[in-house]
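Student: Mind looking over this structure? Questions follow.
The values are calculated or read from the model by the stated rules, or taken from the named source; none is laboratory data. None of these values were measured; they are calculated from a predicted model. Because the Cβ atoms are built from the backbone with ideal geometry, glycine has one as well, and the counts that use them run over all protein chains shown.
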Amino acid sequence: MSQSSQDHTSGISGRYAFALFELIQEDYDLNELDKINDELSTIGSAISQSEEMSKIIQSPIYNAQEQFSAMQSVLEILNTSELLTNFIGVLCQNRRLFVLPDMIISFKELLNNLKGKMTATVIASSELDKNQMNNIKKVLADNYSQEIDIDLEIDEKILGGLIVKIGSKMIDSSLLTRLKLMQSNMSEV
């Protein structure tokens, strides 16, 4: 395994992602990895959009059975595979459900490494259309000489512009950052 793949196994979330990744690789094919990645992305979206789900995942007041029962209900609605449902059951049983959001990111990075892709997180103040997303992908792919996968996050607080995070680099061209910089420069005068 390459060094970059090994880097993703650090921390609890990385180890769980790597374990799931290896399990699927041993018993299934690349299509199953893609399917599980899509299911994990759907779960990640559900977690980020539901304050109640976030509480269930993060709060230590729920015991393992309560967490798994709540997660089972959600996973059933999302029509999640038995493999992933069982895996989330293991997270609950081991009292590690709180790592699920980070584990989802780690799993996607492992899959992208396998495919020779990189993931960029793009934060915008509003939804981007398909043409804008394609332009961002093209610029990033040209700069990094790799295919780029984009995770779009919406944060109205940045007012305009974009924040792009790829690997260890961050490009912040948001209006909020520019205004703060201008304010800082003005206070120095």
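Student: Take the range 77-106 and flag every residue that is over 18 Å from residue 62 (Cβ atoms) and charged (D, E, K, R).
Tutor: Scanning the range 77-106 gives 82, 102.
Student: Condition first: closer than 17 Å to residue 25 by Cα, among the small types (Gly, Ala, Ser) and buried (at least 16 other Cβ atoms within 10 Å of the Cβ). Can you find one or more residues in the range 91-109 that meet it?
Tutor: Looking through the range 91-109, at least one residue is closer than 17 Å to residue 25 by Cα, among the small types (Gly, Ala, Ser) and buried (at least 16 other Cβ atoms within 10 Å of the Cβ).
Student: Sticking with this one: Regarding the range 10-21, can at least one residue be identified that is free of Cβ contacts under 8 Å to residues at least 24 places away in the same chain and surrounded by 13 or more Cβ atoms within 10 Å (Cβ to Cβ)?
Tutor: Applying the first criterion (free of Cβ contacts under 8 Å to residues at least 24 places away in the same chain) to the range 10-21 yields 10, 15, 19.
Filter again for surrounded by 13 or more Cβ atoms within 10 Å (Cβ to Cβ), leaving 15, 19.
Looking for residues that are free of Cβ contacts under 8 Å to residues at least 24 places away in the same chain and surrounded by 13 or more Cβ atoms within 10 Å (Cβ to Cβ), one finds at least one in the range 10-21, hence yes.
Student: Going through 108, 157, 165, 137 one at a time, which residue ends up being in a strand (DSSP E or B) and basic (Lys, Arg)? It would help to see each step written out before you state the result.
Tutor: Working: 108 fails: in a strand (DSSP E or B); 157 fails: in a strand (DSSP E or B); 137 fails: in a strand (DSSP E or B).
One residue alone meets the criteria, 165.
Student: If you don't mind, there's one more thing I want to ask. Inspect the range 114-122 for any residue being surrounded by 14 or more Cβ atoms within 10 Å (Cβ to Cβ) and at pLDDT 90 or above and give the result as yes or no.
Tutor: No, the range 114-122 contains no residue that is surrounded by 14 or more Cβ atoms within 10 Å (Cβ to Cβ) and at pLDDT 90 or above.
Student: Name the helices (runs of 4 or more DSSP H) wholly inside the range 7-99 in which the number of residues that are under 21 Å from residue 149 (Cα atoms) and touching a Lys or Arg at 6+ places or on another chain (Cβ under 7 Å) is 1 or more. Quick ask: steps written out before the conclusion?
Tutor: On the way: elements: 11-27, 30-49, 51-58, 64-77, 82-93.
In the range 7-99, 30-49 are the helices (runs of 4 or more DSSP H) which contain 1 or more residues that are under 21 Å from residue 149 (Cα atoms) and touching a Lys or Arg at 6+ places or on another chain (Cβ under 7 Å).
Student: Here's a follow-up. Taking only the range 120-146 into account, find how many residues are under 18 Å from the mean Cα position of the chain (by Cα) and either among the small types (Gly, Ala, Ser) or in the same structural domain as residue 41 (by TED's automatic domain parsing) (or both).
Tutor: 2
Student: I would also like to ask the following. Can you work out which of the residues in the range 168-189 that are of a type in the set (A, V, I, L, M) and assigned to a helix (DSSP H, G or I) is surrounded by the fewest Cβ atoms within 10 Å (Cβ to Cβ)? Break it down into steps so the answer makes sense when it comes.
Tutor: First, the residues of the range 168-189 that are of a type in the set (A, V, I, L, M): 170-171, 175-176, 179, 181-182, 186, 189.
Keeping just the survivors that are assigned to a helix (DSSP H, G or I) gives 175-176, 179, 181-182, 186.
Numbers: 175: 13, 176: 16, 179: 12, 181: 11, 182: 10, 186: 8.
My answer is 186.
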